[in-house]
Amino acid sequence: MLHFALARLTSLGLSLVVASVVIFFALEVVPGDPAAYMLGMNASPETVAALRTELGLDAGPVERYFTWATGLLTGDFGISYTYRTPVAEMIGERIKVSLPLALYALALSTLIAFPVGIWAATHRGKAQDMGVMAATQLGIAVPNFWFAMLLVLVFAIGLRWFSAGGFPGWDAGFFEGMKALTLPAIALALPQASILARVMRSALLDTMGEDFIRTARAKGLSRRQALWRHALRNALIPVLTIIGLQFSFLLAGAIIIENVFFLPGLGRLVFQAISQRDLIVVESVVMLLVVAVIVVTFCVDLAYAAVDPRLRRRG
Amino acid sequence: MSLLRIRDLDVSIHGKPVLDRVSLELAPGHVLGIIGESGSGKSMTALSIMDLLPDGSGMSGSIELDGNDLTGLSERQMCDIRGRDIGMIFQEPMTALNPLRTIGDQVAETVRIHGGAGRGEAARIAGDMLERVGLPREKFPPTRYPHELSGGQRQRVVIAMAIALQPRLLIADEPTTALDVTTQAGILRLLRRLVLEDGMGLILITHDLAVVSGNADHLAIMRQGQVVEAGPSDKVMRALRHPYTRALFEASSHQPDRTAGHVGTPLLEARNMVRDYVTPRKGLFGAHGTFRAVRDVSFSISHGESLGLVGESGCGKSTLTRAILGLEPLQGGSVHVDGHPVEAGQKMPKDLRAKMQVVFQDPYGSFNPRHRVGRLVTEPFHLLDNPPKGAERKAAIDTALTDVGLHPDDADRYIHEFSGGQRQRIAIARALIIRPQLIILDEAVSALDVSIRAQILDLLADLSGRYGLSYLFITHDLTVVQAITDRVMVMQAGEIVETGRTEEVFANPQHEYTRTLLAAAPVLEMSA
Amino acid sequence: MRTLLTGAVIAGVFVLGAIVSFFWTPHDVEAINIAAKLLTPGDGYWFGTDHFGRDIFSMILVGARVSIAVAIVAVGIGMGIGIPLGLTAAARKGSLLDEVIMRGNDLIFAFPALLIAIMITAVFGPSAVNAIIAIGIFNIPVFARLVRGAALGLWTRDFILSARVSGKGAVRISLEHILPNLMSLLIVQGTIQFSLGILAEAGLSYVGLGVQPPTPSWGRMLAESQTMISFAPHLALFPGLAIVLTVLGLNLMGDGLRDMLDPRIRRVRA
């Protein structure tokens, strides 16, 4: 298990390094002179030169990369060109909205999908199963941001149970904060839950066809007991893969859905930064999100090993 | 009074009949051997007793266990009976266990599910049972996972699960088919011992007459869903009353007519072959290890000779085959065909490759399902500089198909339209079409039913006589080697431990391992 | 079979709409007519009009064109690059090349299409091409992994060994034996990626990273409708339904194709 974790950790580190190089190259080398780019066409050469010096652009790309990368490790993301404040502070403020939203949605999606998927599998071919399959087929086809707009229309504008948008801040209390995130989380979670429930169902049904289920039945387990005691854990392996993939979808989805609810998250920040050509902010947010995806993949790998003893001994 | 009595059992799946008025009887402490080829309904009979038939099955007739009819019982009542009164063992030990739970846990579950004991007590019983089936605690602690055990050991775990509550009846469905002969002998010994000790009835289902001969008290021969003959073993074996029984017995020990002995000059010469595999790194920064799959192997095959290569799984037979065919590189030694060196990769000249062809075991995986037979059998034409075209090509296909007993029109059909035996004929046609000098037969008849196997062996004998072919016959099955080879090599752990004329090796084995193999191989005692 | 037919009919309607839009739309989608703004569905304007008085129905027809084009090209990029990579990795299993290809795929998986679109837009400014490239790049590892996994299974089969005994090389075997046996898998996955592409394009256009005005697109129409949702919900309803129906149709088609072509293949939904 230790070997497995160490090997995964090495590959995690490697992925982070390569990802950071890609991002740095895309956002600091490809645009040519970032200073000129950020200031736009009408800037005077003096202003551009001043910004170059300020941003440390006089150094070569390799040196700049190492300055940037070591900065990231110490929590120094640089200074936003538009707002003249440390990017780390801006991100810190925004991530308090985006991360809880993505996690809230992931929890909802999993909590909905597991029982629904198991329920459909245990009623295979019956009306319950058909109902779940039809509903999830629809759920997969619905774009989450449109679903969010419908939720606003019904629950905020129509029924007035929730406010149509905005975030009171965590200072207003945990409950208030969670309430503001509830509609966005539901909008994100339901389409994902549809996918996950279908995966859960088909993984369970596949596993129920395995030889060892027949062995379990020959021991005297009923179909239901065999499903709970033997099939479920085996079915978790494909389900875990999908949960890992979903996290990156949810992060991306969260960024889009913040627009529907006017939430002050990373999404708003990055879209503002794009329109203001603030490459430093864009770079930092992208890097942060990529790190999140890579770390989640790492955790899923560890979860595999926890579920499957066959993986623990491999290096 | 009998333990199990089946009367007029009819079973159909989705309306298609699979069992037709099957009647069987078994007394406690006895062994009933059910024999049949694929599709005979022998496994369906077992699943009917367990009431574990696939969805969409219908059943009529009666199945009485200790005088109680099981067919009227509810699913809940059947759950109580399965595992407690009837235990069952399956063919494929590699997949029969849940990979995510320890073996002790899985054996204990049989005890726990029937309310026999608490957690600790069940674990203790499980440990005892594992010990009883030959997996002592010190060497195989119950905390092991299935992937840490070999096939034979896993089969022992399955047996421990089945007998944990000392059922009255044990059903073993092809329990040793997936295992090596030495492992098979151990499992059969264990089953016999358990029957003796617990006085339970055993149903031993197999396609292999040799497995039941000497192990079963009663025999039932099944064919196409019917019991064609049943009775005490010695009587059935002696009388061979039913024509099908007789045919089955003859096919099992079939010796094709072949004119052995006209052996020419050496065709293939292998000298000191060594093949290493790189194994995964040990630890994170550890070095790659190497595994020597073939160790210093030398042999030769002459023109027109048939050489057997016998060994158990993992002994290096397949690796050796690939190296001979020039598909994988050697780390030492050499292989020469007609005096030309075989080298792996694209470097190998086409005309050298054209001297060797191969027929594989699996009649289902050997063909691209998207091509027609005509295209499939002409694939080796790739090795010719001027492959025949048009009418010439058609004639070549016709001859190849006719040679193996098929019709020229079969060239336009797809492979899924053919049975297993027919597919092996097509595989032989493909090997034959460029008139190679050597055909390597890699377990080429192992997946076939005995009657089909006998036909294919006849075909091979006939072809070698007609075209002066040499064969390298790779198999785990000693009876096949005995039937069709002039000389035999015995391989163990990458080494050839014994070589000699086939009849001499069988009559007077020199090496310890050969003796073990021969002793383990079940022998069909022909009383007639 | 019924699933396939239903799906094909639904998706077909939208493809047909997209084609028709090249020759005819009920109204000019770029013509601004303030007098006819925010009309509810009715005479002359089947789905109503937006705040510039543009015809929603016409915009949905043209939007179908954009969505379908983006998704098709993105699937093309994914297949065109992903399939050769997957075949190569499988043919050279365990080699350094295989390792590099697979690690590269893992890396791309760490960049959701949205992030790629953000980076491209930050540097080159917004355009529909960004969406195509971002979704296309995202599709590459999907196909590369799928093909490698399935091809590895085929490479162990005896018929491949047979072809090697007949002296055929890796490239020839990949094209002659491996690829044709992956076709059904690729058709099914292609349909799924197509539907995912339509969803992704809508999302990107919604946040302004995709198709730019005045070209109508379903995602943009939704973005514009947002502030008016309380008094003109029809603006949000029709483009949303168009997306749902197209994606639903394609998914049903994918399921139906899978059942028809090969009941055993498993769908990989990335």
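Across the stretch C:149-167, what is the total count of residues that are touching a helix residue (DSSP H, G or I) at 6+ places or on another chain (Cβ under 6 Å) and either of a type in the set (Ser, Thr, Tyr) or surrounded by 24 or more Cβ atoms within 10 Å (Cβ to Cβ) (or both)?
Residues that pass the stated criteria total 2.
Within the stretch A:175-210, track down each residue that is within 14 Å of chain B (Cβ to nearest Cβ), in a helix (DSSP H, G or I) and of a type in the set (Asp, Glu).
Listed by number, the list holds a single entry, A:206.
Might you let me know whether the stretch B:158-171 holds any residue that is surrounded by fewer than 20 Cβ atoms within 10 Å (Cβ to Cβ) and in a helix (DSSP H, G or I)?
Looking through the stretch B:158-171, none of the residues is surrounded by fewer than 20 Cβ atoms within 10 Å (Cβ to Cβ) and in a helix (DSSP H, G or I).
For the stretch C:204-218, enumerate the residues that are surrounded by 24 or more Cβ atoms within 10 Å (Cβ to Cβ) and either under 14 Å from residue C:63 (Cβ atoms) or modelled with pLDDT of 90 or more (or both).
Of all residues in the stretch C:204-218, those surrounded by 24 or more Cβ atoms within 10 Å (Cβ to Cβ) come to C:204-207, C:209-211, C:216-218.
Of everything in the stretch C:204-218, those that are surrounded by 24 or more Cβ atoms within 10 Å (Cβ to Cβ) and either under 14 Å from residue C:63 (Cβ atoms) or modelled with pLDDT of 90 or more (or both) turn out to be C:204, C:205, C:206, C:210, C:211, C:216, C:217, C:218.
Could you tell me how many of the residues in the stretch C:6-24 are farther than 18 Å from residue C:218 by Cβ and without any contact (Cβ under 8 Å) to a residue 12 or more places away in the chain?
Final tally of qualifying residues: 2.
Just checking, which of A:148, A:141, A:105 is buried (at least 16 other Cβ atoms within 10 Å of the Cβ), in contact (Cβ under 8 Å) with a residue 40 or more places away in the chain and closer than 30 Å to residue A:234 by Cα?
Result of the check over A:148, A:141, A:105: A:105.
Only one residue in A:286, A:295, A:281 is surrounded by 16 or more Cβ atoms within 10 Å (Cβ to Cβ), more than 8 Å from every other protein chain (Cβ to nearest Cβ), closer than 22 Å to residue A:25 by Cα and not hydroxyl-bearing (Ser, Thr, Tyr). Which one? Reasoning before the result, please.
Details: A:286 fails: more than 8 Å from every other protein chain (Cβ to nearest Cβ); A:295 fails: surrounded by 16 or more Cβ atoms within 10 Å (Cβ to Cβ).
Result: A:281 is the single residue among A:286, A:295, A:281 that is surrounded by 16 or more Cβ atoms within 10 Å (Cβ to Cβ), more than 8 Å from every other protein chain (Cβ to nearest Cβ), closer than 22 Å to residue A:25 by Cα and not hydroxyl-bearing (Ser, Thr, Tyr).
Can you list residue pairs whose Cβ atoms sit under 8 Å apart, with the first residue in the stretch B:76-102 being closer than 29 Å to residue A:309 by Cα and the second being aromatic (Phe, Trp, Tyr) and in a loop (DSSP other than H, G, I, E, B)? Count only pairs 6 or more apart in sequence or on different chains.
Taking only residues 6 or more apart or on different chains, the pairs are B:96/B:90; B:99/B:145; B:100/B:145; B:101/B:145; B:102/B:145.
Yes/no per residue for (1) farther than 30 Å from residue B:254 by Cα; (2) modelled with pLDDT of 90 or more; (3) out of contact with any helix residue (DSSP H, G or I) (no Cβ under 8 Å at 6 or more places or on another chain):
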position	(1), (2), (3)
B:111	yes, yes, no
B:119	yes, no, no
B:123	yes, yes, no
B:218	no, yes, no
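Report whether or not residue B:18 is under 30 Å from residue A:312 (Cβ atoms) and of a type in the set (Val, Ile, Thr). Quick ask: steps written out before the conclusion?
Details: under 30 Å from residue A:312 (Cβ atoms): no; of a type in the set (Val, Ile, Thr): yes.
The answer is no for residue B:18.
Over 16 Å from residue C:245 (Cα atoms), out of contact with any Ser or Thr (no Cβ under 8 Å at 6 or more places or on another chain) and in a helix (DSSP H, G or I), is that true of residue C:32? So that I can check it myself, show each step before the final result.
On the way: over 16 Å from residue C:245 (Cα atoms): yes; out of contact with any Ser or Thr (no Cβ under 8 Å at 6 or more places or on another chain): yes; in a helix (DSSP H, G or I): no.
So residue C:32 does not fit the description; no.
Being touching a strand residue (DSSP E or B) at 6+ places or on another chain (Cβ under 8 Å) and under 25 Å from residue B:317 (Cα atoms) is the filter here; which residues of the stretch B:404-433 pass it? Before the answer, list the steps.
From the stretch B:404-433, those touching a strand residue (DSSP E or B) at 6+ places or on another chain (Cβ under 8 Å) are B:411-414, B:424, B:427-428, B:430-432; that's our starting set.
Within the stretch B:404-433, B:424, B:427, B:428, B:430, B:431, B:432 qualify.
Looking at the stretch B:484-528 only, could you name the residues that are assigned to a strand (DSSP E or B), within 22 Å of residue B:210 (Cβ to Cβ) and among the basic types (Lys, Arg)?
Once the filter is applied, which keeps residues that are assigned to a strand (DSSP E or B), within 22 Å of residue B:210 (Cβ to Cβ) and among the basic types (Lys, Arg), the stretch B:484-528 yields nothing.
Among the listed residues C:225, C:195, C:166, identify the single one that is facing another protein chain (nearest Cβ under 9 Å), closer than 24 Å to residue A:158 by Cβ and not charged (D, E, K, R). Walk me through it before giving the result.
Working: C:195 fails: closer than 24 Å to residue A:158 by Cβ; C:166 fails: closer than 24 Å to residue A:158 by Cβ.
None of the others qualify; the one that does is C:225.
Among the numbered conditions (1) under 21 Å from residue A:67 (Cα atoms); (2) without any contact (Cβ under 8 Å) to a residue 12 or more places away in the chain, tell me where residue A:20 comes up short.
With (1) under 21 Å from residue A:67 (Cα atoms); (2) without any contact (Cβ under 8 Å) to a residue 12 or more places away in the chain applied to residue A:20, the lone miss is (2).
Out of all the residues in the stretch B:7-46, which are outside any loop (DSSP other than H, G, I, E, B) and charged (D, E, K, R)?
Taking the stretch B:7-46 as the starting set, the residues that turn out to be outside any loop (DSSP other than H, G, I, E, B) are B:7-13, B:16-26, B:31-35, B:42-46.
If the condition is that a residue be outside any loop (DSSP other than H, G, I, E, B) and charged (D, E, K, R), then B:7, B:8, B:10, B:16, B:20, B:21, B:25, B:42 are the ones that fit.
Please determine, by comparing only the residues of the stretch A:211-241 that are of a type in the set (S, T, N, Q) and more than 26 Å from residue A:302 (Cα to Cα), which one is farthest from the other protein chains (Cβ to nearest Cβ). Give the derivation first.
Let us first name the residues in the stretch A:211-241 that are of a type in the set (S, T, N, Q), namely A:215, A:222, A:225, A:234, A:241.
Filter once more, keeping what is more than 26 Å from residue A:302 (Cα to Cα): A:215, A:222, A:225.
Working: A:215: 5, A:222: 5, A:225: 7 Å.
Filtering first and then ranking leaves A:225.
Scan the stretch C:99-107 and give yes if some residue there is basic (Lys, Arg) and farther than 20 Å from residue C:242 by Cα, otherwise no. Quick ask: steps written out before the conclusion?
If we filter the stretch C:99-107 for residues that are basic (Lys, Arg), which is where we start, we get C:103.
With farther than 20 Å from residue C:242 by Cα added as a condition, the list becomes C:103.
Yes, some residue in the stretch C:99-107 is basic (Lys, Arg) and farther than 20 Å from residue C:242 by Cα.
Would you mind stating whether residue C:200 is over 26 Å from residue A:200 (Cβ atoms) and assigned to a helix (DSSP H, G or I)?
Numbers: over 26 Å from residue A:200 (Cβ atoms): no; assigned to a helix (DSSP H, G or I): yes.
Considered against the rule, which asks whether it is over 26 Å from residue A:200 (Cβ atoms) and assigned to a helix (DSSP H, G or I), residue C:200 comes out as no.
What helices (runs of 4 or more DSSP H) completely inside the stretch A:61-174 contain at least 3 residues that are touching a helix residue (DSSP H, G or I) at 6+ places or on another chain (Cβ under 9 Å) and hydroxyl-bearing (Ser, Thr, Tyr)?
Values: elements: A:61-73, A:87-122, A:127-141, A:144-151.
Passing ranges, in order: A:87-122.
I'd like to check something: does the stretch B:269-282 contain any residue that is more than 25 Å from residue B:506 (Cβ to Cβ), loosely packed, with under 14 Cβ neighbours inside 10 Å and at pLDDT 85 or above?
Yes - at least one qualifying residue is present in the stretch B:269-282.
Can you name the residue in the stretch B:320-364 that is in contact (Cβ under 8 Å) with a residue 60 or more places away in the chain and in a helix (DSSP H, G or I) and is also farthest from the other protein chains (Cβ to nearest Cβ) among such residues?
From the stretch B:320-364, those in contact (Cβ under 8 Å) with a residue 60 or more places away in the chain are B:320-321, B:324-325, B:332-338, B:354-363; that's our starting set.
Of the ones still in play, those that are also in a helix (DSSP H, G or I) are B:320-321, B:324.
Values: B:320: 14, B:321: 9, B:324: 11 Å.
Of everything passing the filter in the stretch B:320-364, B:320 is farthest from the other protein chains (Cβ to nearest Cβ).
Checking the conditions here, which among C:117, C:144, C:131 is closer than 19 Å to residue A:25 by Cβ and surrounded by 24 or more Cβ atoms within 10 Å (Cβ to Cβ)?
Matching residue, one of C:117, C:144, C:131: C:117.
The values are calculated or read from the model by the stated rules, or taken from the named source; none is laboratory data. Note that the structure is a prediction, hence the values are computed from the model and not measured. Every residue, glycine as well, gets a Cβ built from its backbone with ideal geometry; the counts of neighbours run over all protein chains shown.
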